[in-house]
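A short worksheet on the structure shown next.
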Amino acid sequence: MSITLQDCRTRDAQDPLRALRDHFALPAGVIYLDGNSLGVAPKAAAARVADVVTREWGSDLIKSWNTASWFDLPQRLGNQLAPLIGAGKDEVVCTDSTSINLYKVLSAALNIAREDSPARKRIVSERSNFPTDLYIAEGLCKERGLELVLVEPEEITAALTSDVAVLMLTHVNYRTGAMHDMATITAAAHAQGILCVWDLAHSAGAVPVDLNGAGADFSIGCGYKYLNGGPGAPAFAWVHPRHASRFWQPLSGWWGHAAPFAFTPDYQPAPGITRYLCGTQPIISLSALQCGLDVFTAAQSLGGMAALRTKSLALTDLFIQLVEERCAGHGLGLATPREHAQRGSQVCLTRDEGAGVNGQGSGAYAIVQALIARGVIGDFRKGDGGTGRHKDILRFGFTPLYLGFEDVWNAVEHLRQVLESGEWQKAEFNQTHAVT
Ligand SMILES: Cc1ncc(COP(=O)(O)O)c(C=O)c1O
């Protein structure tokens with residue numbers, strides 16, 4: 001039976017997580033389906049950042065490293081984040097960017113894997129992994145005379161051969177929203193003596209993750225997506241305790257030193273995860289990230305990540321069903337898996353090459369622009385222009401902390417109108433901007 005707007009309103013009224021929406025400063029007239037790119041500002045963030053600037057920095061100045069506990073903020077936030085990703089206490093730090101943290105953990109993973117077996121000269125990853133992951137790995141391979149091997153998802157197991165040092169994967173694919181089975185893949189890699197590095201950019205705060213349960217080796221992820229830490233928010237790094245004290249990470253700055261205020265000329269790494277810090281931390285940004293993490297702490301009493309996952313799947317199921325019911329006949333396809341176990345918290349629609357204006361391109365970019373003009377914010381990811389397996393993608397992220405079922409209904413209704421009216425064909429929606 002078809003779903004109605006009233007059904008969606010009823011589901012919102014029955015939603016046990018509904019109150020969490022009040023933690024966010026959602027702009028009026030906007031349906032925000034881009035929390036997988038930049039999360040919405042928690043209401044607490046503006047006041048918290050203002051307090052850090054005016055009181056902690058403005059009045060208390062340098063004393064705040066001690067009096068406002070600035071100094072251990074990366075570790076404290078790491079501990080607050082840990083339950084969301086199945087990490088233990090003192091196993092996570094919030095610091096630096098995802099790319100930089102990947103450089104640190106991938107270097108350490110290579111050191112460990114190659115100390116045990118120097119003949120291992122390969123890093124394996126997925127061809128459609130997020131480019132920064134591939135670029136960082138490529139750079140490390142150049143530096144060390146190693147080889148980066150890129151495969152399709154169905155080729156991963158066969159690529160786990162005895163010459164591979166590290167398998168580096170993103171848990172939820174940024175283009176398709178497809179989610180790997182972390183425990184099974186990690187076990188398959190370990191059976192071949194290969195270490196696993198997991199990028200949780202589209203997983204942390206989006207789906208339940210169990211790094212320790214999966215026996216993973218290293219992990220990193222973003223603070224500004226589902227964790228709602230603000231643009232360019234500090235990222236995080238996790239290292240399994242069995243590896244944490246084995247090697248220096250390559251950016252051996254003074255904040256990773258065992259005694260930074262001893263100011264010795266030689267480097268002695270701090271024990272455990274603290275050695276994954278590098279230099280002086282961005283306290284204002286860390287304070288904003290804390291506001292994002294505080295919402296997850298508040299969600300604990302409402303069922304935590306398990307309840308958020310149930311709602312996320314209900315939202316993405318609803319979106320898929322409504323698009324298929326109400327937007328049929330406009331050349332849309334589904335790039336995201338239907339199976340719950342293989343789906344993150346986003347839905348990606350495809351559009352064929354040649355379906356755009358005058359048979360040029362797919363029109364996917366223009367459709368997204370027309371939706372944005374109506375206040376429905378998703379984004380576009382370019383395909384390979386019909387040359388391979390990747391089509392242009394209309395990408396919609398679903399953050400269960402602040403989205404409701406009526407939002408999904410309204411978003412699909414806008415999409416239906418944009419497609420049926422053909423308004424996406426207007427010239428203004430077909431001009432590309434620097435950031436898509
Ligand atoms: C899988 C993945 N890794 C990393 C990043 C970004 O890294 P950084 O925050 O260093 O720009 C993204 C950004 O979208 C991503 O999707």
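Considered as a group, the residues in region 159-184 that are within 27 Å of residue 334 (Cα to Cα) and either among the charged types (D, E, K, R) or away from the ligand (no atom under 16 Å from the Cβ) (or both) include one that is surrounded by the most Cβ atoms within 10 Å (Cβ to Cβ), and that residue is 175.
Quick one: is residue 126 away from the ligand (no atom under 15 Å from the Cβ), closer than 21 Å to residue 171 by Cβ and under 21 Å from the mean Cα position of the chain (by Cα)? When the stated conditions are applied, residue 126 does not pass them. The residues in region 168-198 that are in contact with a Gly (Cβ under 8 Å, 6 or more places away or on another chain), among the polar types (S, T, N, Q) and assigned to a loop (DSSP other than H, G, I, E, B) can be counted, and the count is 1. Scoring residue 137 on the criteria (1) within 16 Å of the ligand (Cβ to nearest atom); (2) within 20 Å of residue 237 (Cβ to Cβ); (3) assigned to a strand (DSSP E or B) leaves a single failure, condition (3). Please indicate, with yes or no, whether at least one residue in region 197-205 is surrounded by fewer than 24 Cβ atoms within 10 Å (Cβ to Cβ), at pLDDT 95 or above and acidic (Asp, Glu). No, that holds for no residue. In region 213-237, the residue that is farthest from the ligand (Cβ to nearest atom) out of those that are touching a Phe, Trp or Tyr at 6+ places or on another chain (Cβ under 7 Å) and in a loop (DSSP other than H, G, I, E, B) is 216. Condition check for residue 82 on (1) assigned by TED's automatic domain parsing to the domain that holds residue 205; (2) within 16 Å of the ligand (Cβ to nearest atom): one failure, at (2). Between 41, 13, 28, the distinction of being more than 16 Å from the ligand (Cβ to nearest atom), hydrophobic (A, V, I, L, M, F, W, C) and either within 25 Å of the chain's Cα centre (by Cα) or assigned by TED's automatic domain parsing to the domain that holds residue 287 (or both) belongs to 41 only.
Examine region 186-196 for a residue that is within 12 Å of the ligand (Cβ to nearest atom), more than 24 Å from residue 394 (Cβ to Cβ) and among the β-branched types (Val, Ile, Thr), and state whether such a residue exists. Within region 186-196 (the criterion being within 12 Å of the ligand (Cβ to nearest atom), more than 24 Å from residue 394 (Cβ to Cβ) and among the β-branched types (Val, Ile, Thr)), the answer is no, since none of the residues qualifies.
Touching a residue at least 40 places away in the same chain (Cβ under 8 Å), under 30 Å from residue 209 (Cβ atoms) and part of a helix (DSSP H, G or I) - does that describe any residue in region 335-353? Checked region 335-353: at least one residue is touching a residue at least 40 places away in the same chain (Cβ under 8 Å), under 30 Å from residue 209 (Cβ atoms) and part of a helix (DSSP H, G or I). If the condition is being assigned to a loop (DSSP other than H, G, I, E, B) and aliphatic (A, V, I, L, M), then region 238-264 contributes 251, 258, 259. Any residue in region 224-240 that is more than 30 Å from residue 24 (Cβ to Cβ) and either of a type outside the set (Lys, Arg) or in contact (Cβ under 8 Å) with a residue 12 or more places away in the chain (or both)? So far as region 224-240 goes, yes, one or more of its residues are more than 30 Å from residue 24 (Cβ to Cβ) and either of a type outside the set (Lys, Arg) or in contact (Cβ under 8 Å) with a residue 12 or more places away in the chain (or both). Would you mind stating whether residue 274 is more than 13 Å from the chain's Cα centre (by Cα), surrounded by 16 or more Cβ atoms within 10 Å (Cβ to Cβ) and outside any loop (DSSP other than H, G, I, E, B)? Taking the combined requirement at face value, the residue satisfies it. Of all residues in region 111-137, those that are modelled with pLDDT under 95 have Cβ atoms under 9 Å from Cβ atoms of residues that are assigned to a loop (DSSP other than H, G, I, E, B) and β-branched (Val, Ile, Thr), 6 or more apart or on another chain, in 128/176. Would you call residue 107 in a helix (DSSP H, G or I) and either in contact with a Ser or Thr (Cβ under 7 Å, 6 or more places away or on another chain) or among the acidic types (Asp, Glu) (or both)? Here the answer is no, as residue 107 does not meet what is asked.
In region 85-98, the residue that is farthest from residue 252 (Cα to Cα) out of those that are within 16 Å of the ligand (Cβ to nearest atom) and buried (at least 18 other Cβ atoms within 10 Å of the Cβ) is 85. Residues in region 99-112 that are more than 14 Å from the ligand (Cβ to nearest atom) and surrounded by 23 or more Cβ atoms within 10 Å (Cβ to Cβ): 108, 109, 110.
The values are calculated or read from the model by the stated rules, or taken from the named source; none is laboratory data. Predicted model, so just to flag it, every value in this text is computed and none were measured. Reconstructed Cβ throughout: ideal geometry from the backbone, glycine too, with neighbour counts over all protein chains shown.
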